[in-house]
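Single-structure report; data block below.
The values are calculated or read from the model by the stated rules, or taken from the named source; none is laboratory data. Just so it is clear, the structure is predicted and the values come from calculations on it, not from any experiment. As a convention, Cβ positions derive from the backbone with ideal geometry for all residues, glycine included, and neighbour counts pool all protein chains shown. To get the accessible areas, we keep the full protein, side chains included, count just its heavy atoms, and leave off ligands, DNA and RNA. Shrake-Rupley method; radii C 1.70, N 1.55, O 1.52, S 1.80 Å.
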Amino acid sequence: MAKKGRVFSGARPTGRQHLGNYLGAIKNYVGMQAEYDCVYCIVDVHALTTVETTQELKLNTFEMALDWLAAGIRPEESILFVQSHVPEVMELHTYLSMVTQFGKLTDLPTFKEKVRQQPENVNYGLVGYPVLMTADIVLYKTDVVPVGIDQAPHIEFAREIVRSFNYRYNTKVLIEPQVKHTEVLKVVGIDGKDKMGKSLNNHIELASTPEETTKRVREMVTDPARQRKTDPGNPDVCNVFTMHKIMSPQEEVDMINVECRRAGIGCVDCKLRFAANLNKHLEPFRAKRAELESQQSYVQDVLNDGGKRARVIAQQTMVEVREAMQLP
Ligand code: SF4
C-alpha cells in the first residue's frame, strides 16, 4: 500500500520509558508505521538545553531506543536515529534562525516556562529551541507531525518560520508541515495527582518485572474519600479506575464501576486486577526487550543505520537549501 506521506517526531532521551510515554506517544508511533513513512528521532541536542552533564545521555538514548524497538518500532520500515548523528540539522538551524525574530522566541510561553524552571541557566539554546525543532522537522521533508491538541501551536510556529524562509529566498524548498492530531493520553502518575513522569517518581517503567509493576500499582492513590473497604467509593475520581478503562476488559470495567460504588470490591483487589491486566499487556514487550538486549550491539546498529538513512535525506535537503539561498 502506498504511504500517505512522511511523519516526523522527536523525543528527548529520557532513558527507560514508562507507561505514560507508551500511552502518550509510543503507541501512536507504532500505529502510524502502517500508513506513513516514519522518521523517529531521539533529540539528544535538545536535551543539552537542560542537562549539564552528558554522562547519562548515551545510556538514556540506548535504553529509550531499546524500549521503542521492543514496543514495536520496526527499523526495517521506519527510520530511528539520534539527532546529533545528522549534523546538517545544526546548519539548517542557523539559517532558519536568521529568518526568526528574537522577540517572538522570547515571547513564547514554553520559553517563559523554562526561564521560571531554571533561572540560573537561561542559555541561548533555550531561546532557539523552536528553531532547532523546526530544522528537525523540515530537514527530512516532513509532511505531517503527530501532536496532541495542546502542542499544535508549536507546529504553527514552525510553519511560520518555513514561510519566512521560503519568502525571504523566493523558494518552495522547505515544506510547511501539517499537524496530525493524535489522541495523546495524559496518564496520571501513581500519586493520582500529576502527569506520570520520572522526575516526580510517580511512574511505572515498562521494563519493570511483573513483581515490581504490581508493587508500583499497589502504591497507587485511589479515591481519597474512601477510607475503609466498607466505604462506598467513587471510580470517577480514581486513577486506578481510569487505568482500568484503558487496559482492562470492558466486563471488568463495568463490574468495578458498579461494585466500587456499593463497596462490593476493595481497593487492594481492584489494584491487583489492574496489575494483572497490565502485566499481561506488557508480556510481549518484555519478551521482545529481553531478546533485543541479548543481541549484542543490535540497538546501536539500528541507530547507526537510521542515522545514515536520515542523513541521505538531510544532505539532499541541504543541497536544495543552499542553492535556494544562492550561497557561494
Ligand atoms: Fe478506585 Fe477501584 Fe478503589 Fe474504586 S475500588 S476507589 S475504582 S481502586
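Screening 245, 215 for residues that are surrounded by 12 or more Cβ atoms within 10 Å (Cβ to Cβ), within 12 Å of the ligand (Cβ to nearest atom) and without any contact (Cβ under 8 Å) to a residue 12 or more places away in the chain leaves exactly one candidate, 245.
Consider region 250-269 and keep the residues that are of a type outside the set (Val, Ile, Thr) and touching a helix residue (DSSP H, G or I) at 6+ places or on another chain (Cβ under 6 Å). The one that is farthest from the ligand (Cβ to nearest atom) is 257. Condition (residue is modelled with pLDDT of 95 or more, part of a helix (DSSP H, G or I) and buried (at least 17 other Cβ atoms within 10 Å of the Cβ)) applied to region 186-196: is it met by at least one residue? So far as region 186-196 goes, no, none of its residues is modelled with pLDDT of 95 or more, part of a helix (DSSP H, G or I) and buried (at least 17 other Cβ atoms within 10 Å of the Cβ). Among the conditions (1) more than 22 Å from residue 151 (Cβ to Cβ); (2) under 14 Å from the mean Cα position of the chain (by Cα), the only one that residue 72 does not satisfy is (2). List every residue pair whose Cβ atoms lie under 7 Å apart, where the two residues are 6 or more positions apart in sequence or sit on different chains, the first residue falls within region 42-53 and is touching a residue at least 12 places away in the same chain (Cβ under 8 Å) and assigned to a loop (DSSP other than H, G, I, E, B), and the second residue, located anywhere, is open to solvent by 10 Å² or more (accessible area, probe 1.4 Å) and aromatic (Phe, Trp, Tyr). Hits for this filter: 49/129.
Has region 239-255 got at least one residue that is within 26 Å of residue 185 (Cβ to Cβ) and part of a loop (DSSP other than H, G, I, E, B)?
Keep residues of region 239-255 that are within 26 Å of residue 185 (Cβ to Cβ), which gives 239-255.
Filter once more, keeping what is part of a loop (DSSP other than H, G, I, E, B): 248-249.
Yes, region 239-255 has at least one match.
How many of the residues in region 286-296 are of a type in the set (A, V, I, L, M) and either in contact with a strand residue (DSSP E or B) (Cβ under 8 Å, 6 or more places away or on another chain) or touching a residue at least 12 places away in the same chain (Cβ under 8 Å) (or both)?
To start, the set of residues in region 286-296 that are of a type in the set (A, V, I, L, M) comprises 287, 290, 292.
From what is left, the residues that are either in contact with a strand residue (DSSP E or B) (Cβ under 8 Å, 6 or more places away or on another chain) or touching a residue at least 12 places away in the same chain (Cβ under 8 Å) (or both) are 292.
Total satisfying the criteria: 1.
Residues 324, 314: which one is away from the ligand (no atom under 16 Å from the Cβ), buried (at least 16 other Cβ atoms within 10 Å of the Cβ) and farther than 30 Å from residue 72 by Cα? Outline the logic, then answer.
On the way: 314 fails: farther than 30 Å from residue 72 by Cα.
Going through 324, 314 in turn, just one is away from the ligand (no atom under 16 Å from the Cβ), buried (at least 16 other Cβ atoms within 10 Å of the Cβ) and farther than 30 Å from residue 72 by Cα: 324.
If you go through region 212-235 and keep only what is in contact with a helix residue (DSSP H, G or I) (Cβ under 9 Å, 6 or more places away or on another chain) and not in a loop (DSSP other than H, G, I, E, B), you end up with 213, 214, 215, 216, 217, 218, 235.
Taking (1) more than 23 Å from the chain's Cα centre (by Cα); (2) closer than 24 Å to residue 79 by Cβ; (3) assigned to a helix (DSSP H, G or I) in turn, residue 120 satisfies each apart from (2). Number of residues in region 133-156 that are part of a helix (DSSP H, G or I) and open to solvent by less than 20 Å² (accessible area, probe 1.4 Å): the value is 7.
Which residue out of 99, 51 is at pLDDT below 95 and open to solvent by less than 70 Å² (accessible area, probe 1.4 Å)? Working first, answer last.
Values: 99 fails: at pLDDT below 95.
One residue alone meets the criteria, 51.
Selection within region 256-285: residues that are touching a residue at least 40 places away in the same chain (Cβ under 8 Å) and not hydrophobic (A, V, I, L, M, F, W, C). The member of this set that is nearest to residue 189 (Cα to Cα) is 271.
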